[in-house]
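*Asks:* Take this structure first; my questions come after.
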Amino acid sequence: MSGVMNTTQFPDISLIITKNLKVIITAIMKTFPSEYPALVEKFKTDLKIEKRMGYEGEGAATIKPEGETSDQKRIWEGNIESATQTTYSVELPITWEQRHFVSKNAAFMNQVGQFAARSMKLIKEYDCANIINLGFSGGPTGYDGEQYFSASHTWRSDSSTYDNLLNPVDLGRDAVEDAFIEMAQAKMESNIPLSLIPKVINIAYSNIFTLPELLKTIKDPESANNTHNVIRDYNIQSNLNHYFTDGSAYIVDSESKTRGLYTAQPIKFSSYMDNPTDNLIEKGMTSHATMFYNQAKSFGSAGS
């Protein structure tokens with residue numbers, strides 16, 4: 001049997017190709033639009049299972065009669081939300097023939113870079129959007145056994161319930177008014193006001209005309225009179241997400257974040273030679289987990 005034939009013994013155009021691909025992929029990663037950062041907080045982690053827990057307490061202080069002891073109160077551990085890391089990878093094999101004739105087919109190599117970058121970006125978009133897509137049914141439940149959006153969430157300290165599920169109706173002035181009222185009267189444990197302020201309305205394609213009209217019209221957008229459009233006073237931001245699966249769903253977020261992306265391995269590209277086939281493998285890999293928390297501070301409607 002002859003000795004091993006190392007690639008250093010032969011002219012290997014693949015070495016040039018893989019360097020060029022890294023340049024292409026890096027450039028595309030920077031220009032490919034990212035929507036998921038508008039939906040989630042981003043965290044770095046080195047934990048396989050990420051956990052997040054808040055604390056709950058009692059209500060206002062009580063009167064201390066003269067000469068008597070004070071009422072003693074305590075705090076409780078709140079609901080513990082968790083998420084497990086998932087590793088994602090994509091490999092694009094490039095045959096010897098494709099590499100050999102690459103000088104005549106530069107467009108092909110550009111496409112390899114396009115698809116490699118797109119594949120890795122898309123998994124971030126899909127997983128972050130799925131926190132909402134699966135937040136009404138079919139998705140993971142929180143520590144209290146309820147979906148992200150539910151009318152039966154519970155506080156751990158006193159077993160009281162709260163509701164962050166909006167009516168399944170089309171987005172409109174009345175729907176926004178109802179959402180703002182629900183947020184204004186929302187309570188935490190021990191019936192303490194949450195004092196939420198609506199900040200962002202996240203929408204899908206069905207509401208790309210409806211929401212701008214609601215946010216920018218000076219007069220009441222649903223009547224012919226001179227009633228002032230109060231929605232403008234809240235200075236609400238809009239966020240269009242192309243990865244929501246329900247076109248009529250909408251989410252009203254407060255100033256507090258309720259969704260997170262925990263990344264253990266940022267998107268990384270590498271390459272290797274598959275010796276039996278002489279294919280050059282361009283590989284992308286990442287590891288992340290998504291989680292919802294502070295559910296009481298975001299309100300969602302599945303639309304009609």
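*Asks:* Please enumerate, by chain and number, the lysines with C-alpha under 23 Å from the C-alpha of residue 187, excluding those fewer than 8 residues away in the same chain.
*Replies:* 73, 199, 257, 297
*Asks:* Now, a different point. Sequence-distant or interchain residues sharing an amide H contact under 5 Å with residue 170, placed H: which?
*Replies:* Amide H to amide H, under 5 Å and 5 or more residues apart or across chains, residue 170 pairs with 304.
*Asks:* Taking 8 Å as the Cα distance limit and 6 or more residues as the minimum spacing, I'd like the relative contact order of the chain as a percentage.
*Replies:* Computed value for the chain: 25 percent relative contact order.
*Asks:* With springs only between Cα atoms under 10 Å, which of 207, 279, 79 fluctuates most in a Gaussian network model of the chain?
*Replies:* Maximum among the listed residues: 279.
*Asks:* Give the angle, between 0 and 90 degrees and rounded to the nearest 10, that separates the Cα long axis of helix 173-184 from the longest principal axis of the Cα atoms of the chain.
*Replies:* 70 degrees
*Asks:* Points 7 angstrom from Cα along the Cβ direction at residue 44 and residue 77: gap in nanometres?
*Replies:* Distance between the two pseudo-spin positions: 2.8 nm.
*Asks:* Quick one: 3J(HN,Hα) in Hz for the range 78-93, Karplus 6.51/-1.76/1.60 with θ = phi - 60°, rounded, Gly and Pro as x.
*Replies:* Residue by residue, the range 78-93 yields x, 4, 9, 9, 9, 8, 10, 5, 10, 9, 10, 8, 9, 10, 10, x Hz.
*Asks:* Moving on. Reachable aspartates and glutamates from residue 42, Cα under 14 Å, same-chain residues fewer than 8 places away excluded?
*Replies:* Cross-link targets: 50, 125, 127.
*Asks:* Let me ask something else. Report the equivalent ellipsoid semi-axes for the chain in whole Å, largest first, defined as the square roots of five times the eigenvalues of the gyration tensor built from alpha carbon atoms.
*Replies:* 50, 27, 14
*Asks:* Moving on. Given a cut-off of under 8 Å on Cα pairs at least six residues apart, what relative contact order in percent is computed for the range 42-135?
*Replies:* Dividing the mean separation by the residue count of the range 42-135 yields 26 percent.
*Asks:* Enumerate the amide H contacts of residue 187 below 5 Å, restricted to partners 5 or more residues apart or on another chain; note that Pro and chain-start residues carry no placed amide H.
*Replies:* Distant-sequence amide H within range of residue 187: 194.
*Asks:* Divide by every residue of the chain the summed helix terms, -39500 (n - 2.57) for each DSSP H run of at least 4, and state the resulting mean residue ellipticity at 222 nm, rounded to the nearest 500 deg cm²/dmol.
*Replies:* Dividing the helical sum by the residues of the chain leaves -7500 deg cm²/dmol.
*Asks:* Can you list residues from other chains, or at least 5 along the same chain, whose modelled amide H is less than 5 Å from the amide H of residue 279?
*Replies:* Result for residue 279 returns 274.
Read the figures in this text as sums done on the coordinates, not as results from a lab. Keep in mind it's a predicted model, so treat the numbers as computed, not measured. As a convention, Cβ positions derive from the backbone with ideal geometry for all residues, glycine included, and neighbour counts pool all protein chains shown.
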